[in-house]
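All remarks here apply to the structure that follows.
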Ligand SMILES: NC(=O)c1ccc[n+]([C@@H]2O[C@H](COP(=O)([O-])OP(=O)(O)OC[C@H]3O[C@@H](n4cnc5c(N)ncnc54)[C@H](OP(=O)(O)O)[C@@H]3O)[C@@H](O)[C@H]2O)c1
């Protein structure tokens, strides 16, 4: 079975590479952005003709959430138009698409679990363009698995865990938001779930939620990172109202993962356990 990963140079792309190596999944290609630019339909046509993939995993995205508020056009181009271009290429080449989306498609203003069928009401440009990308895919392609995830981190790329470890080494104290709740996701676990879905041979296409198990705040997440890594730094709780960002973020964004677990038999690790694994690998 041939798999092509687009956006391979990003965080999740690196994690897919690592998990493919660990599981000895060899028929996966990771083209560079030059060879797999998702905005270039001709390039994808050439790539898919050459590779003839059964599955295409799209990790490519515009992910700068605050910057997106000022760069609406480029953000929409990558997250909406890029998703549509990939979907059309998958249709043409009879490939199944595994696309990655975000909990930011939800408003997240009430403390209740978010299911795949709950209404999406994005509060920021990034979330809006990711939702438009989801819709563009489902308009074009039946054979897609769209996985919404949240708070991704890993030993690769830029993410909250690596930022905290760096700041913890530089400062004596720092302030972290305490009134936004969500579920961290170790991108290695997500990569594993993606390969599980591929290996399941399932035709239960559609939207699925995936994060690690459990709920926390950015403040508690930071405290746990420092406790587990034995970093001595004082973490001060900060309210969202005291830390103004360009993009509005959900206050409570916890996704129900029952569907992905029951459909594919996927077991999801608790966030603290996965964080321990990541910190061990980072050290
Ligand atoms: N990170 C999170 O906390 C988070 C949370 C929820 C959902 N997600 C979703 O999870 C997925 C993976 O995120 P990530 O953390 O791996 O993001 P990432 O590290 O920012 O990776 C995205 C990659 O896409 C590449 N890219 C941008 N435009 C492209 C194009 N036209 N053609 C090909 N590649 C292009 C980027 O390259 P450049 O760096 O050169 O632009 C980057 O390497 C994304 O769909 C994201 O929306 C992420």
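The values are calculated or read from the model by the stated rules, or taken from the named source; none is laboratory data. Remember, predicted model here, so these are calculated numbers, not experimental data. Positions of Cβ are generated from backbone atoms using ideal geometry, with glycine treated the same way; all protein chains shown enter the neighbour counts.
Residues in the stretch 111-126 include at least one that is farther than 15 Å from residue 208 by Cα, modelled with pLDDT under 95 and in contact with a strand residue (DSSP E or B) (Cβ under 7 Å, 6 or more places away or on another chain). Taken over the stretch 85-113, the criterion of being in a helix (DSSP H, G or I) and within 16 Å of the ligand (Cβ to nearest atom) is satisfied by 85, 86, 87, 88, 89, 90, 103, 104, 105. On inspection, residue 19 does not qualify as at pLDDT 95 or above, away from the ligand (no atom under 11 Å from the Cβ), outside any helix (DSSP H, G or I) and in contact with a helix residue (DSSP H, G or I) (Cβ under 6 Å, 6 or more places away or on another chain). Looking only at residues of the stretch 1-16 that are part of a loop (DSSP other than H, G, I, E, B) and within 16 Å of the ligand (Cβ to nearest atom), we find that the one that is surrounded by the fewest Cβ atoms within 10 Å (Cβ to Cβ) is 9. Has the stretch 169-178 got at least one residue that is free of Cβ contacts under 8 Å to residues at least 24 places away in the same chain and over 25 Å from residue 57 (Cα atoms)? So far as the stretch 169-178 goes, yes, one or more of its residues are free of Cβ contacts under 8 Å to residues at least 24 places away in the same chain and over 25 Å from residue 57 (Cα atoms). Identify, please: which residue in the stretch 22-31 is part of a loop (DSSP other than H, G, I, E, B) and touching a helix residue (DSSP H, G or I) at 6+ places or on another chain (Cβ under 8 Å) and is, among those, farthest from the ligand (Cβ to nearest atom)? Filtering the stretch 22-31 for residues that are part of a loop (DSSP other than H, G, I, E, B) and touching a helix residue (DSSP H, G or I) at 6+ places or on another chain (Cβ under 8 Å), the one farthest from the ligand (Cβ to nearest atom) comes out as 26.
As for the stretch 54-64, it holds no residue that is farther than 23 Å from residue 14 by Cα, at pLDDT 95 or above and not in a helix (DSSP H, G or I).
Counting only residues that are without any contact (Cβ under 8 Å) to a residue 60 or more places away in the chain, surrounded by fewer than 17 Cβ atoms within 10 Å (Cβ to Cβ) and more than 13 Å from the ligand (Cβ to nearest atom), the stretch 32-84 holds 9 of them.
Yes/no per residue for (1) more than 15 Å from the ligand (Cβ to nearest atom); (2) closer than 26 Å to residue 121 by Cα; (3) modelled with pLDDT under 95; (4) touching a helix residue (DSSP H, G or I) at 6+ places or on another chain (Cβ under 9 Å):
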{"position": "186", "(1), (2), (3), (4)": "no, yes, no, yes"}
{"position": "210", "(1), (2), (3), (4)": "no, yes, no, yes"}
{"position": "216", "(1), (2), (3), (4)": "no, yes, no, yes"}
{"position": "227", "(1), (2), (3), (4)": "yes, no, no, no"}
{"position": "252", "(1), (2), (3), (4)": "yes, yes, no, no"}
